[in-house]
1. Amide H to amide H under 5 Å from residue 169: which residues, 5+ apart in sequence or cross-chain, H placed 1.01 Å off N in plane?
2. What number comes out for the charge environment of residue 116, summing +1 per Lys or Arg and -1 per Asp or Glu over other residues with Cβ under 13 Å away?
3. Roughly what % antiparallel, to the nearest 5, for the DSSP beta bridges in the chain?
4. Taking the chain as a Gaussian network, Cα atoms linked when under 10 Å apart, which of 23, 12, 48 shows the biggest mean-square fluctuation?
5. Got a number for the accessible area of residue 63? Probe 1.4 Å, square angstrom, nearest 10.
6. Rolling a 1.4 Å sphere over the protein heavy atoms, what is the accessible area per residue of the chain, to the nearest Å²?
7. Where in the chain are the DSSP H helices whose alpha-carbon span along the long axis reaches 15 Å or more and whose Kyte-Doolittle mean is at least -0.5?
8. Please report the carbon-and-sulfur percent of the accessible area for the chain; probe 1.4 Å, protein heavy atoms only, DNA, RNA and ligands left out.
Amino acid sequence: MIEILFVRHGQPVSGIRNPELAPAGITDARRLATWLRHDEIDLIVASPYSRALQTAEVIAAELGRDVDHVLEDLREWDDDISPEDYTAVEDMAADDPRLLAVSSGRYEEYVPSLDLPAFRRRASSALEEILALRDSGRIVAVAHGGIINAALADVLEMPKTFWHNPAYTSVARVRRLDSGVLVVDSVNDTAHLRGVPFDSGRDALAATGFDGELAR
């Protein structure tokens, strides 16, 4: 069995191209690393964009290891749209159409000019590339909100490419079972930001009777 922990990067700075993390983003990445410290991580991979790669590097350093692979297909849509400065949602004007789209749940309107089929194919390719790295184990893959949306949509065979708004440093868990079937165990998990141990989220779900799997 392979388990992939898709991690959205930490909060970046705004107003520059290909930004690095803001201080809050570094802090949250360290919190996530602390949350993962007692779990065996076999590989850490990342998007080449600075905000994701730096998040992965902070996590890796806290765990006493290095980032194992930088995967081009894990990058966000930035270069697919236009070479503009990055603006975090938190720094957008109140009337910015992108902010209004996110706040109202119209996620696919955030980047209306994006070639969604092509982006989704790249997300699928990224997922397959990660799965090809090992036959078993646990892989942390640090990427971006859009590419994580698209990768999970592919597993769940969803018509929409963008369907949720993952928080900074949130974790989505995907497993490939020994049967070859891919399942989504959780989405947008931010327990580490609340000081909850890694396994507590699973224990809480078990108490509700949820089996933790959304199967393809």
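1. Amide H neighbours of residue 169: 8, 9, 10.
2. With Lys, Arg at +1 and Asp, Glu at -1, the net is -1.
3. In the chain, approximately 55 percent of DSSP beta bridges are antiparallel ones.
4. Fluctuation is largest for 23.
5. 50
6. Per-residue value: 46 Å².
7. 23-36, 50-62, 116-131, 145-156
8. It is 49 percent, rounded to a whole number.
The values are calculated or read from the model by the stated rules, or taken from the named source; none is laboratory data. Keep in mind the model is a prediction, meaning the values are calculated, not measured. Neighbour counts run over all protein chains shown; Cβ positions are idealised from the backbone, glycine included. Surface accessibility is based on the protein's heavy atoms, side chains included, excluding ligands, DNA and RNA. Shrake-Rupley method; radii C 1.70, N 1.55, O 1.52, S 1.80 Å.
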